[in-house]
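S.K.: Sharing a structure with you now.
The values are calculated or read from the model by the stated rules, or taken from the named source; none is laboratory data. Everything numeric here is computed off the predicted structure, so don't read it as measured data. Here the Cβ positions follow ideal geometry from the backbone for every residue, glycine too, while neighbour counts run over all protein chains shown. For the accessible areas, the whole protein counts, side chains as well, though only heavy atoms, and no ligand, DNA or RNA atoms are used. Shrake-Rupley method; radii C 1.70, N 1.55, O 1.52, S 1.80 Å.
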Amino acid sequence: MLCSGGLDSAVLLAHETRRGEVQPVFIASGLAWEAVERDVLGRLLGTPTFSTGVRPLVELSSPVRDVYPPMHWALEGTPPAYDTPDRDVYLVGRNILLLSKLATFCAIHGIGRVALGPLAGNPFPDATLEFFTAMEAALSAGLAHQLNILAPFATFHKKDVIELGVSLGVPLEFTLSCMKPLDRKHCGRCSKCRERLQAFEAVGLEDTAAYAFKPLEVTT
């Protein structure tokens with residue numbers, strides 16, 4: 001499965017280990033938050049929750065600096081603000097590039113099932129079930145290797161993921177949901193931080209992850 005240090009990714013990884021052994025894959029694209037995200041992922045994989053059923057992490061690269069504008073917010077580390085809509089964080093071609101790289105790895109290593117973590121309400125064109133079905137067919141044909149692309153959390157909202165994560169014993173406080181982390185802490189000012197804080201509030205739990213700034217009023 002595609003794996004990051006994010007909350008959704010960590011819970012999906014724990015969920016998938018209930019099915020069998022999982023190969024986590026981290027793909028670096030040169031985005032501003034990836035170095036911290038990779039560190040967080042390493043810490044997560046070292047916790048007892050992931051001590052069994054998880055293969056050693058594979059790291060691949062799929063750089064976007066040669067296609068994105070040099071001053072793109074995701075390269076510069078200047079993400080959309082706290083109260084901006086989800087659509088403002090769209091990264092053009094993101095899942096197309098990631099899936100193409102991941103599928104090639106899977107074909108070479110004889111892996112036939114891929115899990116990703118998009119949630120219900122995701123507004124991006126490359127996160128729909130129709131897109132995944134089309135990519136599944138194209139990649140399977142182009143690689144001469146049958147590949148099943150699944151989105152197990154496609155009907156989940158983030159509060160559902162949090163509840164599942166708690167039931168699976170995932171150390172959610174070690175996850176990172178931020179586009180501008182500061183000293184390995186959530187910035188508390190980007191829209192991803194807002195989405196995370198709102199979800200914890202909806203569940204009735206405190207988010208004990210580290211924040212450089214934590215708004216007194218979460219709901220916008």
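S.K.: Per DSSP helix of 4 or more residues, -39500 (n - 2.57); summed, then divided by the residues of the chain. What does that give at 222 nm, rounded to the nearest 500?
M.R.: Estimated from H runs of four or more residues: -11500 deg cm²/dmol.
S.K.: Magnitude of the Cβ-charge dipole of the stretch 126-219, K/R +1 and D/E -1, about the Cα centre, nearest 20 debye?
M.R.: The calculated dipole for the stretch 126-219 is roughly 400 debye.
S.K.: A further question on this structure: Using a 1.4 angstrom probe, figure out how much accessible area the stretch 22-181 has per residue, in square angstrom, rounded to the nearest whole.
M.R.: So the stretch 22-181 comes to 47 Å² accessible per residue, rounded to a whole number.
S.K.: While we're looking at this one, here's another question. Counting DSSP beta bridges with both partners in the chain, what percentage is antiparallel, nearest 5?
M.R.: 15
S.K.: Carbon and sulfur atoms: what percent of the 1.4 Å accessible area of the stretch 135-220 do they account for?
M.R.: C and S atoms contribute 53 percent here.
S.K.: Could you check how much of the accessible area of the stretch 34-109 is carbon and sulfur, as a whole percent, using a 1.4 Å probe?
M.R.: 57
S.K.: If you project the alpha carbons of the stretch 101-220 onto the principal axes, what extent comes out on each, in Å, largest first?
M.R.: Over the stretch 101-220, Cα extents along the principal axes are 53, 29, 28 Å.
S.K.: Relative contact order (percent) for the stretch 66-220, with alpha-carbon contacts under 8 angstrom and 6 or more residues of separation?
M.R.: 24
S.K.: About the Cα centre of the chain, how large is the charge dipole given +1 on each Lys and Arg Cβ and -1 on each Asp and Glu Cβ? Please answer in debye to the nearest 20.
M.R.: The dipole magnitude comes to about 300 debye.
S.K.: Over every pair of different alpha-carbon atoms in the chain, take the mean of 1/r and invert it; report that Kirkwood radius in Å.
M.R.: Roughly 17.9 Å, rounded to one decimal.
S.K.: Distances longer than 13 Å among the Cα atoms of the stretch 124-163: what percent of all pairs is that?
M.R.: Of the Cα pairs, 58 percent sit more than 13 Å apart.
S.K.: Which residue fluctuates the most in the chain, going by a Gaussian network model with Cα springs under 10 Å, if the choices are ARG19, ARG194, ARG65?
M.R.: Taking springs between Cα atoms under 10 Å, the residue moving most is ARG19.
S.K.: Additional query: Rank-order 125-132, 186-193, 9-16 by packing density, defined as the average count of other C-beta atoms within 10 Å over each peptide's residues, highest first.
M.R.: Descending packing order for the listed peptides: 9-16, 186-193, 125-132.
S.K.: For the stretch 1-132, place one equal point scatterer on every Cα, skip the solvent, and apply the Debye formula. What is log10 of I(q)/I(0) at q = 0.09, 0.15, 0.20 Å⁻¹?
M.R.: Result of the Debye calculation: -0.28, -0.79, -1.39.
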